[in-house]
1. Which condition from (1) closer than 20 Å to residue A:351 by Cα; (2) at pLDDT 95 or above; (3) touching a strand residue (DSSP E or B) at 6+ places or on another chain (Cβ under 7 Å) is the one that residue A:37 breaks?
2. If a residue must be more than 14 Å from chain A (Cβ to nearest Cβ) and under 30 Å from residue B:447 (Cβ atoms), how many such residues does region B:73-106 contain?
3. What tally of residues in region A:367-386 results from selecting those that are within 12 Å of chain B (Cβ to nearest Cβ) and either in contact (Cβ under 8 Å) with a residue 40 or more places away in the chain or outside any helix (DSSP H, G or I) (or both)?
4. For region A:311-328, which positions are within 21 Å of residue A:240 (Cα to Cα), out of contact with any helix residue (DSSP H, G or I) (no Cβ under 6 Å at 6 or more places or on another chain) and either in a helix (DSSP H, G or I) or within 12 Å of another protein chain (Cβ to nearest Cβ) (or both)?
5. Tell me, please, whether a residue that is under 17 Å from residue A:195 (Cα atoms) and surrounded by fewer than 20 Cβ atoms within 10 Å (Cβ to Cβ) can be found in region A:86-95.
6. Identify, from the list A:90, A:64, A:35, the residue that is more than 22 Å from the chain's Cα centre (by Cα), away from chain B (no Cβ under 14 Å) and within 21 Å of residue A:148 (Cα to Cα).
7. Can you list the strands (runs of 3 or more DSSP E) lying wholly within region B:295-365 that have 1 or more residues being at pLDDT 90 or above?
8. Name every residue in region B:119-136 that is buried (at least 24 other Cβ atoms within 10 Å of the Cβ) and assigned to a loop (DSSP other than H, G, I, E, B), in order of residue number.
């Protein structure tokens, strides 16, 4: 029905919260993507873009799902001039491929190193994924300077540009980032690049109280030590502060010296760094709170199987074995002034709830934007905040 | 309409006499756009009331902060009401542990950093006009400044906003922590007052760095300096500011401010590095060798605060100093990829020479953000049109090099007809969807950002927006 567009039968990786599409299309380039969207818009077929499948669990249950739009063929570098500190790539490119290309020039796009290589550029932008390195590297909105998207009605359109300072027109990049495939299909993005640090050093410290771990992290970051990422997590009876230092050898050496002293003064004991097992829990919930309130929140979260937090940003992730504890976590969040968003859980638990929580300020503006950008409601219907 | 405004805001806060209105008819440019009334609200509710009154009478609404803008954004294009935020100038909350502050839109940019300095924090966006410009205006234009090279523009330092929409509704966007949904904060920042009026800003604060070192690298030729810029950026040295000042500008600065710039150099680079002492030592050393490698005849290093301050006063006072050299100037705001900087800069000088106008280049070289200032006398017949043509040629150079028409001053109505140089019909159509979503009111800051068939004053007057009468209060 779609002519020369590659169409195939769906398999496991196209499922979104257990819902399969009717068919899969894998456009080869921007033009095929446009034609697919024109067709889908005309027929009222619901389209969900699928990248590396790493973050497909984010969002509400899809209301309808007709076509999985595989982005993997829309890949490759469009432009890379290392001396400009920018790179433009097609959205189906994986982070692994991107990292390989940029590292050859000793550069990197500041995506969090913790994000899997299999994730695609488009997917990470659509889901706005960041992690413990946000403290130093920022979030996608900070280093994305331009994009091209295909709109619901099949227009190829540009947001931003290819230069690092640009205030011409509305910054639609900010709109598309984090929009979870509900406003347009991202096909291309331009990023700022930064040099790969000359040296990285992982350190870990054990504390008996989360407040001590958080205050050591805060002091180290506030005083300008080369903390690229900082994560506080609960391990057995202790609280571990895992830090990654990055910079020139002298700056890292100075930072190591200072952070060891700071941690020790806060009652911490140095320990060998080890991996944090956050990803294996079937239910992950994210709590955001102002940093000073984080220690009290962490103390309250003893019922959770796994707790980790980014102390500088006040982002806390809770892994649960037993979904029955979700309600308890939600109450704790409310009591501590934290927001509560379900990052992933079994599809049956998503029924009749909004994983994002209460509607945010400006929600009627968001509804108006959705109506303007996708009047037929064909792009990832129902998946976003407020079931948009 | 004026009576309704007076009822809601108080008689003394609504201006309508011609001599009062004239003060508000221009920003840092002299384009004339006379409003019918000027309202000075004290609260968000009064702003909302003023917008609703304007809507009731079909009057245009234009927001205004300190009026230091460089693209005509605060100039009323179509009469109506100018809503001025200068009375809303309080810092409402400072949370040093969470590193944020909540401020009203009329708060002066620099006052934010001054207020939080005792917590060893500061607000990073530092437009050269920061002693005068308002945070509300910074938000509207997504203001930059020298330090946005490393730290980003205003949009990277705003966590949330309270706005009054074109329909007169008060809406909260974003927030201090944990916001969900579309990034409306990120959309409104830089929307140049066309999507709403900002009535509250939640700003992000950064910790001050342990060590700051400022270098002044002196070159015989502009080309050497611009190549040094590209080399510094390409080498991965990450200064927090990298500014270029050419001879023409330095002569003016020295005559006016006596800051110690060398009298016979072709160009200087002002380079600032920040971080741990170990880092600044290394980065300053690297920047210095690169400059020397590109032919710098001298590299001065300032570590003490007073010495660094002195170097910056010269840079920040540059535009005011240019006033000694000519009665009028036209400031451009093009951006190009860094590797294209040397060629484009050569092109700028060549174009200006061909047209026969002196040009003073003082700008954010590290981001490729150029500010050629073309000096002339607008009283001489025919000269203004030539300058505008020259400006268009320079902007064309930037766009052809893969750049943009505006790095930080905004589109306003000065550059709205150039939007089609960088955006297609489809691109502009998609942007217009956003405008519709925020409110169907076509009277909200009309004539700004987007090309329209409706004129704004005379045919050439749209271009006159960026032509300024120079004075001590001018900034670039």
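The values are calculated or read from the model by the stated rules, or taken from the named source; none is laboratory data. This one's a predicted model, so the numbers in the text were calculated from it and none came from an experiment. Here Cβ is always computed from backbone atoms with ideal geometry, including for glycine, and neighbour counts include all displayed protein chains.
1. (1)
2. First pass over region B:73-106, keeping only residues more than 14 Å from chain A (Cβ to nearest Cβ): B:74-92, B:103-106.
Then drop every residue that is not under 30 Å from residue B:447 (Cβ atoms), which leaves B:74-89, B:103-106.
Residues in region B:73-106 being more than 14 Å from chain A (Cβ to nearest Cβ) and under 30 Å from residue B:447 (Cβ atoms): 20 in total.
3. Within region A:367-386, residues that are within 12 Å of chain B (Cβ to nearest Cβ) and either in contact (Cβ under 8 Å) with a residue 40 or more places away in the chain or outside any helix (DSSP H, G or I) (or both) number 6.
4. Scanning region A:311-328 gives A:315, A:316.
5. Within region A:86-95, one or more residues are under 17 Å from residue A:195 (Cα atoms) and surrounded by fewer than 20 Cβ atoms within 10 Å (Cβ to Cβ).
6. The conditions single out A:35.
7. Filter on region B:295-365 gives B:298-302, B:359-363.
8. Residues satisfying the conditions are B:123, B:125, B:127, B:128, B:129, B:133.
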